[in-house]
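Values in this text are rule-based calculations from the coordinates and carry no lab data. Since we're looking at a predicted model, the values are computed, not measured.
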Amino acid sequence: MSDHYQVLGVSRDATGEEIKKAYRKLARKLHPDVNTAPGAADEFKAVSHAYEVLSDPQKRRIYDTTGQENGTDNGFGGGFSGQGFGFQDIFDTFFGGGAGGGRGPASRTRRGQDALINVRIDLKDAVFGTNKKIDVETAVLCPTCDGSCCQPGTSPRTCDICHGTGQVQRAVRSILGQVMTTAPCGSCQGFGTIIPDPCHECAGEGRVRSRRTLTIKVPAGVATGTRIQLSGQGEAGTAGGPQGDLYVEIRVNADPVFVREGDDLHATLTVPMTAAALGTVITMETFDGAREISIKPGTQSGEVTTLKGLGVTHLRGYGRGDLMVHVQVETPQKLDAEQEELLRRLAELRGEQCAEGRVGGTSSPGVFAKLRDRLGNH
Ligand code: ZN
């Protein structure tokens with residue numbers, strides 16, 4: 001991209017007034033109504049665009065600091081509604097449209113827009129991948145006219161007003177003096193042809209809305225925010241124009257047991273105090289089925305057992321993350337008389353009747369709780 005300051009011929013610290021002046025001078029020289037030299041229209045576009053950026057203090061600041069223009073480095077720029085009208089569209093609206101500076105009739109055929117839909121899947125489906133049925137409603141080619149826009153048996157005829165050029169010329173008085181200006185023909189909207197009997201089904205659009213069910217392949221390893229692109233499954237264009245793309249954005253439901261961090265999974269395994277002290281084997285349900293977790297004697301709260309390869313499949317590449325099982329030792333809350341007696345006896349044997357706590361050193365039992373807080377519910 002050429003430098004906007006060079007295009008306008010001003011210095012980088014030019015004031016707003018200087019930028020405006022430089023733009024006016026160049027616009028008068030290059031305006032397509034007064035300058036028909038080849039390349040003038042493109043130069044005019046560049047000048048107008050440079051002015052558009054530099055005359056807006058916020059856009060200019062972004063351009064100065066990053067060399068980028070707001071929105072142009074967005075991967076989906078222009079794809080979806082709201083962002084769809086770039087400068088080119090505005091220019092074409094003013095100067096008659098079509099490539100190469102706006103000569104000749106415009107085409108009714110346009111590429112359809114991209115479409116975006118959200119799909120919710122469970123964490124297990126993100127781990128292994130899945131096939132998912134989705135309902136999509138987009139424009140499709142009109143089955144009655146096949147995109148011709150004409151009622152079957154009829155055809156477009158050349159516009160009488162512009163004789164098929166799609167343009168009309170008018171003499172206009174302006175600040176530039178008397179100029180000939182070219183505008184899209186109002187009779188045919190610049191298409192050069194008239195459709196005398198528009199297709200009844202699509203009202204002459206060449207496309208109709210339709211619902212359909214697609215089965216999409218969700219690869220293993222996707223996460224919330226992953227977009228799957230389905231080429232040509234978006235909105236059909238007008239008058240038989242090609243279909244845009246369909247983007248399926250994944251949302252992964254929070255799982256009641258497992259929390260994902262990257263491609264690792266985390267879960268809490270709560271064991272009774274006695275089991276933690278004496279050791280045991282606990283069967284735990286994972287996404288890969290039941291697995292035995294060995295709790296060795298003397299296990300502390302916060303200890304982590306890692307089950308290799310039971311995490312989420314790597315989206316790009318091979319292999320899987322791990323499953324980390326965080327042990328939580330549960331202290332009994334209600335003791336009957338006999339249990340209390342036994343525990344007092346145990347404390348006595350261990351010389352812990354007047355036990356003092358120790359500060360610091362061991363791992364905090366709240367590690368996993370903190371992790372869960374930090375990650376949120378994904
Ligand atoms: Zn139709």
> Pick from Thr181, Thr193, Thr15: which is most flexible by mean-square fluctuation in a GNM of the chain where alpha carbon atoms under 10 Å apart are linked?
Replying inline: Thr15
> So how much slack lies between Leu343 and Ile194, counting 0.36 nm per residue of separation and subtracting their Cα-Cα distance, in nm?
Replying inline: 44.1 nm
>> Using a Cα-Cα cut-off of under 28 Å, which lysines could be cross-linked to Lys29, ignoring same-chain neighbours fewer than 8 residues away?
In response: Lys20, Lys21, Lys45, Lys59
> If you average 1/r over every pair of different alpha-carbon atoms in segment 101-185 and take one over that average, what Kirkwood value in Å do you get?
Replying inline: 18.6 Å
> With springs only between Cα atoms under 10 Å, which of Gly311, Gly16, Gly164 fluctuates most in a Gaussian network model of the chain?
Replying inline: Gly16
> Where the convex hull is taken over the Cα atoms of segment 259-375, what is its projected area averaged over directions, in nm²?
Replying inline: 9.4 nm²
>> If you average the C-alpha positions of segment 22-67 and of segment 163-231 separately, how far apart do those two centres end up, in angstrom?
In response: 26 Å
>> Tell me the relative contact order for the chain as a rounded percent, counting alpha carbon contacts under 8 Å between residues six or more apart.
In response: 14 percent
>> P(r) for the chain, please, calculated from all Cα pair distances in 20 Å bins and given in %.
In response: 19, 32, 26, 16, 7, 1
